[in-house]
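Read through the structure below, which is laid out as structure tokens, and then see the notes.
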Amino acid sequence: MGVEVSVEGLTKSFGSQNIWRDVSLTLPSGEVSALLGPSGTGKSVFLKTLIGLLHPEQGSVIIDGTDITQCSAKELYEIRKLFGVLFQDGALFGSMSLYDNIAFPLREHTKKKEDEVRRIVMEKIDLVGLAGAEDKLPGEISGGMRKRAGLARALVLDPQIILCDEPDSGLDPVRTAYISQLLIDINAQIDATILIVTHNINIARTIPDNIGMLFRKELVMFGPREQLLTSEQPVVKQFLSGDRFGPIGMSEEKDEAVAAAEAAMQAAGISGGGTKDDFTEIIPQVQPNPGMPERKAVGRHRQRVLELLPSLPANAQQAIRESMAMEDEVLATKRAHEQGQGQAGAAEWTTATATAPGSVAVADAPTDVYDFGGNDAPTQQWETPADAPTEQVDTTKKPRHGDGRS
């Protein structure tokens, strides 16, 4: 099981520039958490402080009972073995192949024989979809592939704490979905404590158990995702909707004149460019893939939410109860499907996931996936049966819209 990470009164500065101050939060053991915030608010600095790469001016970081801000270099070295870290740019050794990059933690921290190292490394390479690229150098592959190689390296020691700095950056939406699913599956398998720094709102809404947000050098809030997703705080609502109207500006401190001008535009009905999704509806979390164990974190997380529920506004309470009921229904149907109750169970599971509202991110619905293995892999052609009915298309006609307009 992953270990708890407790941060108390943490303050970090570079010279006279304060990055954030008095940050206090607890990453619950075995749960997935996400840290949001505008660019430049110190999210990556926070991750580096958690592993002791940067030293704070004030505060404590307690990991497995040890305050890493006060411990010796030898103790810190041992504590770091608990971590797997995916840095924002991959942080690979440029002179090493992907294979050697991924094998590095095993060779550095274990006494495994090379055949065992190879088995583990190739397993992780296949897990992140890089089979066939293991002999390439980091400079010979795309940024997205480097990011996936960095994730494979972060996972080779089966760490108890996994830190991911923007795992979706440089990845297309499909690979982002696979990486997100992979993190959920890993949490289900080894109950690791995971912290994800991201700007991706879909990840924030469907992956973590807890969410925090940094803004203007402070932690706006940290707690169960249900609490943040139903929050009425203007900065939270603006960030989730991606709208330019609100406290967040192009620079960290929005000018009063700019804020007044934007308020006038908003009152006049001018759009701020944000999504109009209904964030009062809590989308159920992504479930582990079929065959994976159920996440132990779910029960622990729900207990905390139930304890918190009476203190939340009425609309938040209603949204949370509806979300819990929906998650219970999806989980029950998933269990029935996995117990092999025939085609009826499979049909129920497919129906439940397909009709769940709000574009529910259910990554374990039965699908057929074509893996072409890279640019040089043979492609697979679609085949149409010779007796399949065909319909001629009259290209001289103008296309018609769904409402009958030409």
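Within the stretch 287-305, the only residue that satisfies the criterion of being surrounded by fewer than 12 Cβ atoms within 10 Å (Cβ to Cβ) and over 21 Å from HIS337 (Cβ atoms) is GLN303.
Of the residues making up the stretch 15-40, those that are among the hydroxyl-bearing types (Ser, Thr, Tyr) and not in a strand (DSSP E or B) number 3. Of everything in the stretch 2-55 that is among the acidic types (Asp, Glu) and surrounded by 17 or more Cβ atoms within 10 Å (Cβ to Cβ), the residue that is nearest to GLU226 (Cα to Cα) is GLU31. Being among the β-branched types (Val, Ile, Thr), within 16 Å of VAL236 (Cβ to Cβ), buried (at least 24 other Cβ atoms within 10 Å of the Cβ) and at pLDDT 90 or above narrows it down to one of ILE184, ILE211, ILE207, ILE196, so name that one. The unique qualifying residue is ILE211. Selection within the stretch 88-114: residues that are surrounded by 14 or more Cβ atoms within 10 Å (Cβ to Cβ) and polar (S, T, N, Q). The member of this set that is nearest to GLY40 (Cα to Cα) is GLN88. Scanning the stretch 38-70 for residues that are touching a strand residue (DSSP E or B) at 6+ places or on another chain (Cβ under 8 Å) and modelled with pLDDT under 90 yields PRO38, THR41. For the criterion of being touching a Ser or Thr at 6+ places or on another chain (Cβ under 9 Å), under 21 Å from ILE125 (Cβ atoms) and in contact (Cβ under 8 Å) with a residue 60 or more places away in the chain, PRO167 passes.
When VAL61, VAL117 are checked against the criterion of being touching a Ser or Thr at 6+ places or on another chain (Cβ under 9 Å), buried (at least 16 other Cβ atoms within 10 Å of the Cβ) and in a helix (DSSP H, G or I), a single residue qualifies: VAL117.
Within the stretch 131-168, work out how many residues are farther than 21 Å from ILE194 by Cβ and part of a loop (DSSP other than H, G, I, E, B).
Taking the stretch 131-168 first, the residues farther than 21 Å from ILE194 by Cβ are 131-143, 145.
Filter once more, keeping what is part of a loop (DSSP other than H, G, I, E, B): 131-137, 141-142.
Going through the stretch 131-168 one residue at a time, the tally reaches 9.
Within the set of pairs 6 or more residues apart or between chains, which connect a residue that is under 11 Å from VAL156 (Cβ atoms) and in contact (Cβ under 8 Å) with a residue 12 or more places away in the chain inside the stretch 113-135 to a residue that is of a type in the set (Val, Ile, Thr) and in a helix (DSSP H, G or I) with Cβ atoms less than 7 Å apart? That search, which allows pairs on different chains as well, returns VAL121/ILE102; LYS124/ILE102; ILE125/ILE102. Once the stretch 245-272 is narrowed to residues that are farther than 19 Å from LEU214 by Cβ and within 29 Å of the chain's Cα centre (by Cα), the residue that is modelled with the highest pLDDT is PHE245. Considering the stretch 126-150, the residues that are within 26 Å of VAL3 (Cα to Cα) and in contact with a helix residue (DSSP H, G or I) (Cβ under 7 Å, 6 or more places away or on another chain) include one that is surrounded by the fewest Cβ atoms within 10 Å (Cβ to Cβ), namely LEU127.
Taking the criterion of being crowded, with 19+ Cβ neighbours inside 10 Å and either of a type in the set (Val, Ile, Thr) or at pLDDT 90 or above (or both), the only residue of the stretch 306-329 that qualifies is ILE320.
Could you please give the count of residues in the stretch 225-236 that are closer than 28 Å to SER13 by Cα and either crowded, with 21+ Cβ neighbours inside 10 Å or not polar (S, T, N, Q) (or both)? Matching residues across the stretch 225-236 total 4.
Can you tell me how many residues within the stretch 76-100 are aromatic (Phe, Trp, Tyr), part of a loop (DSSP other than H, G, I, E, B) and touching an Asp or Glu at 6+ places or on another chain (Cβ under 6 Å)? I'd like the intermediate steps shown before the answer.
Start the filter on the stretch 76-100 by keeping residues that are aromatic (Phe, Trp, Tyr), which leaves 77, 83, 87, 93, 99.
Add one more test, that the residue is part of a loop (DSSP other than H, G, I, E, B), and what stays is 87, 93.
Keeping just the survivors that are touching an Asp or Glu at 6+ places or on another chain (Cβ under 6 Å) gives 87.
Adding up the residues that qualify gives 1.
If you go through the stretch 207-233 and keep only what is hydrophobic (A, V, I, L, M, F, W, C) and under 20 Å from VAL45 (Cα atoms), you end up with ILE211, MET213, LEU214, PHE215, LEU219, VAL220, MET221, PHE222. Of the residues screened, ALA332 is one that is in a helix (DSSP H, G or I) and modelled with pLDDT of 80 or more.
In this structure, is ASP209 over 22 Å from LEU10 (Cα atoms) and in contact (Cβ under 8 Å) with a residue 60 or more places away in the chain?
Yes.
Residues are listed down the side, and each one gets a yes or a no for (1) hydrophobic (A, V, I, L, M, F, W, C); (2) out of contact with any helix residue (DSSP H, G or I) (no Cβ under 8 Å at 6 or more places or on another chain); (3) farther than 24 Å from GLY30 by Cβ; (4) not in a loop (DSSP other than H, G, I, E, B):
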position: GLY170; (1), (2), (3), (4): no, no, yes, no
position: SER180; (1), (2), (3), (4): no, no, no, yes
position: ILE196; (1), (2), (3), (4): yes, no, no, yes
position: LEU219; (1), (2), (3), (4): yes, yes, no, yes
position: VAL258; (1), (2), (3), (4): yes, yes, yes, yes
position: ILE270; (1), (2), (3), (4): yes, yes, yes, no
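The values are calculated or read from the model by the stated rules, or taken from the named source; none is laboratory data. Here the structure is a predicted model, which is why all the values come from computation and not from measurement. As a convention, Cβ positions derive from the backbone with ideal geometry for all residues, glycine included, and neighbour counts pool all protein chains shown.
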